[in-house]
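Scroll down for the structure; my scribbles are underneath it.
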Amino acid sequence: MKRQTLDRLNADRAEKRPVALVTETASGAQWLVHADAETGAADLHGEVLRQARMALTDDRGTSTEVEGLSYFIQVHNPPLRLFIVGAVHITQALARIALLAGYAVTVIDPRRAFAEAERFPGLEVSSEWPDDVLTAAALDRRSAIVTLSHDPKIDDPALETVLKSEVFYIGSLGSKRTHGKRLARLQEKGFSGAEMARIHGPIGLDIGAKSPAEIAISIIAEITEARRARRDKAPAPGAA
Amino acid sequence: MTDAQVEREDILGTAAAWRDAGREVGLATVIATWGSSPRPVGSQLVVDGEGRFEGSVSGGCIEGAVIETAMGAMRSGQPKLLEFGVSDEQAWEVGLACGGTVRVYVEKVD
């Protein structure tokens, strides 16, 4: 890999700009392809360019053969995002585990005493209202949201906002009874059963978790399942 | 930065930092997998001229062979494709115990 290519690639990653690295594996020739423009790809075969753009959309690397040459397309998308509403004890454990799993984590809690940056070193912490933060965040299919505050004044506006978005995971802390009441409130706001079925509640895989760290593990496991297992069962890439 | 953030892999960042420090650098990337394989497509390993490395392209079974190839690629400047699988004699030697097949692209970082 040319140093120039590596530096551009790292600059795109730092700026969270999706980019695909195309390698012709026999000669080692490489091209960077973006969604809109390509760098040094003037001589890249049009069919490979098309497939690189498709790989960017699918968020998945691929190999292809065009006119007798083999190409590997590696997608470098910005990290998945996890928004945690409620800066509670579980949040401290969940934020750490999510970072290890590669997520960019944002903690939101309008109660300033909870959203003390000291409790979440190195993390993005917001003490604004969740619906404002989540609206501004431009949620997408690479975003997940977890509500942990247990306070309807904080959790409900967050849920109402994310239910209108394409996030790949929504989870809400609370017992079956609490979750039932939550669904009743959302129904009153006009959300359908199908829409509300997107909310995982009670949150997390059922592994008998008790401590905050164990609950965090069950939550990140459920998010991983939503991201990986169902997607791998999905029919055609490109349909997603 | 928290410990957790420091622990997160940044293979390409490491490659650039090592080059800046004057080290020879090779890069290995999993470009295809069949059957069960421990690391998905896109997994990377960076290695320097003395064989020090970070990252992984398997659960540890083929790293030795990959590192050796990468050191060769650093000397020659030529990229190389490696394939490891159970039906493969080389894999028998290095032991891809999981029973899958992986194809690894190895290149020098200029």
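Hey, got the average number of other protein chain Cβ atoms within 10 angstrom for residues in A:19-30?
Working: counts 0, 0, 3, 0, 5, 1, 8, 2, 2, 9, 1, 2.
So the per-residue partner count for this stretch is 3.
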Those lysines that a straight Cα-Cα span of less than 25 Å connects to A:LYS153, excepting residues fewer than 8 apart in one chain
A:LYS164, A:LYS176, A:LYS181, A:LYS189
Hey, if you put +1 on the Cβ of every Lys and Arg and -1 on every Asp and Glu Cβ in chain A, which of A:PRO18, A:VAL162, A:SER192 ends up farthest toward the positive end of that dipole?
A:SER192
Heavy atoms of B:GLU83 accessible to a 1.4 Å probe, total area in Å² rounded to 10
80
Rounded if a/c under 1.5, otherwise prolate or oblate - region A:22-69, Cα gyration tensor axes:
oblate
Once all protein chains are kept in place, A:SER175 shows an accessible area at probe 1.4 Å, nearest 10 Å², of 60
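As an exercise, use a Förster radius of 41 Å and the Cβ-Cβ distance of A:THR178 and A:GLU15 to find the FRET efficiency, rounded to the nearest 0.05. Working shown, then result.
Details: r = 41 Å, r/R0 = 1.00.
According to the calculation, E is roughly 0.50.
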In Å², what does the accessible area per residue of the protein assembly as shown work out to with a 1.4 Å probe?
49
Solvent-accessible area, 1.4 Å probe, carbon plus sulfur percent, for the protein assembly as shown:
51
Which of rounded, prolate, oblate describes region A:107-240, given a ≥ b ≥ c as roots of the alpha-carbon gyration tensor eigenvalues and a/c under 1.5 marking rounded, otherwise prolate only if a/b is larger than b/c?
rounded
Would you jot down the residues in region A:71-118 that end up with at least 50 Å² less accessible area in the complete protein assembly than in the chain alone, with a 1.4 Å probe?
A:PHE72, A:GLN74, A:ARG96, A:LEU99, A:LEU100
Using unit Cβ charges (K, R positive; D, E negative) and no other charged atoms, how large, in debye to the nearest 20, is the dipole of region A:3-76 about its Cα centre?
300
Per-residue ³J(HN,Hα) for region A:214-223, Karplus 6.51 cos²θ - 1.76 cosθ + 1.60, θ = phi - 60°, Hz, x for Gly and Pro
5, 5, 4, 5, 5, 6, 5, 5, 5, 5
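What does the charge dipole of region A:81-232 about its Cα centre add up to, to the nearest 20 debye, if the Cβ of each Lys and Arg holds +1 and the Cβ of each Asp and Glu holds -1?
Details: 21 positive and 20 negative charges, 74 e Å.
Charge dipole, region A:81-232, about its Cα centre: 360 debye, nearest 20.
Just for the protein assembly as shown, what percent of DSSP beta bridges are antiparallel, to the closest 5? Before the final figure, lay out the partial values.
On the way: 39 of 58 bridges.
Antiparallel bridges make up about 65 percent of those DSSP assigns within the protein assembly as shown.
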Mind putting a number on the dipole of the protein assembly as shown about its Cα centre? Charges go on the C-beta only, +1 for Lys and Arg and -1 for Asp and Glu, and I need it in Debye to the nearest 20.
1040
Quick check: Cα centre of region A:1-75 to Cα centre of region A:136-152, how many Å?
32
What is the calculated FRET efficiency for A:GLU47 to A:GLU128, with r their C-beta to C-beta distance and R₀ = 41 Å, to the nearest 0.05?
0.30
To the nearest whole number, what is the average tally of beta carbon atoms from other chains within 10 Å of the beta carbons of peptide A:1-12?
4
Taking only Cα atoms and a 10 Å spring cutoff, compute GNM fluctuations for chain A and point out the largest among A:LEU32, A:LEU44, A:LEU183.
A:LEU44
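Once fully extended, how much extra length lies between A:ASP36 and A:ARG185, figured as 0.36 nm per residue of separation less the alpha-carbon to alpha-carbon distance? Intermediate results must be reported in sequence, preceding the final value.
Working: separation 149, 0.36 × 149 = 53.64 nm, distance 4.28 nm.
Extending this stretch completely gives an extra 49.4 nm.
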Using only alpha-carbon positions, what ratio does the radius of gyration of region A:116-160 give when scaled by 2.2 N^0.38 Å?
1.22
With runs of 4+ DSSP H residues as the only contributors, calculate the mean residue ellipticity of chain A at 222 nm using -39,500 (n - 2.57) per run, divided by the residue total and rounded to the nearest 500.
-11000 deg cm²/dmol
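Could you give the length gained by full extension between A:GLU116 and A:HIS150, i.e. 0.36 nm per residue of separation minus their alpha carbon distance, to one decimal place? Before the final figure, lay out each step's value.
Values: separation 34, 0.36 × 34 = 12.24 nm, distance 1.82 nm.
Extra length from A:GLU116 to A:HIS150 when fully extended: 10.4 nm.
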What ³J(HN,Hα) values, in whole Hz, does the Karplus curve 6.51 cos²θ - 1.76 cosθ + 1.60 give for region B:68-83 when θ = phi - 60°, with x put for Gly and Pro?
4, 5, 5, 5, x, 5, 5, 6, 7, x, 8, x, 9, 9, 10, 10
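Of B:LYS108, B:LYS80, A:LYS210, which has the most accessible area and how do the rest follow, probe 1.4 Å?
Values: B:LYS108 50, B:LYS80 110, A:LYS210 165 Å².
From most accessible down to least: A:LYS210, B:LYS80, B:LYS108.
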Name the shape class, rounded, prolate or oblate, that the alpha-carbon gyration tensor gives for region A:44-152, where a ≥ b ≥ c are the square roots of its eigenvalues, rounded holds for a/c under 1.5, and otherwise prolate holds if a/b is larger than b/c and oblate otherwise.
prolate
Non-local amide H neighbours of A:TYR169 (under 5 Å, H modeled in plane, Pro and chain starts lacking H): which ones?
A:ILE145
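Using r as the Cβ-Cβ distance of A:VAL66 and B:GLN78, and R0 as 30 Å, what FRET efficiency do you calculate, to the nearest 0.05?
Numbers: r = 22 Å, r/R0 = 0.73.
That gives a FRET efficiency of 0.85.
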In peptide B:29-41, what is the residue-averaged number of other protein chain Cβ atoms found within 10 Å of each Cβ?
3
At a probe radius of 1.4 Å, what is the per-residue accessible area of B:TRP34, in Å² to the nearest 10?
110
Report the dimensions of chain A along its three principal axes from the alpha-carbon atoms, largest first, rounded to Å.
61, 40, 33
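Between chains A and B, what is the buried accessible area in Å², counting both sides, with a 1.4 Å probe and ligands, DNA and RNA left out, to the nearest 100? List each step's numbers first, then the result.
Values: alone 12830 and 6280 Å², together 17060 Å².
Its buried surface, counting both partners, is about 2100 Å².
The values are calculated or read from the model by the stated rules, or taken from the named source; none is laboratory data. The shown structure was predicted, so the numbers you read here are calculated from the model rather than taken from an experiment. Heads up, the Cβs are rebuilt from the backbone with ideal geometry, glycines too, and the neighbour counts pull from every protein chain shown. Protein only, heavy atoms only, side chains kept; ligands, DNA and RNA dropped before computing areas. Shrake-Rupley method; radii C 1.70, N 1.55, O 1.52, S 1.80 Å.
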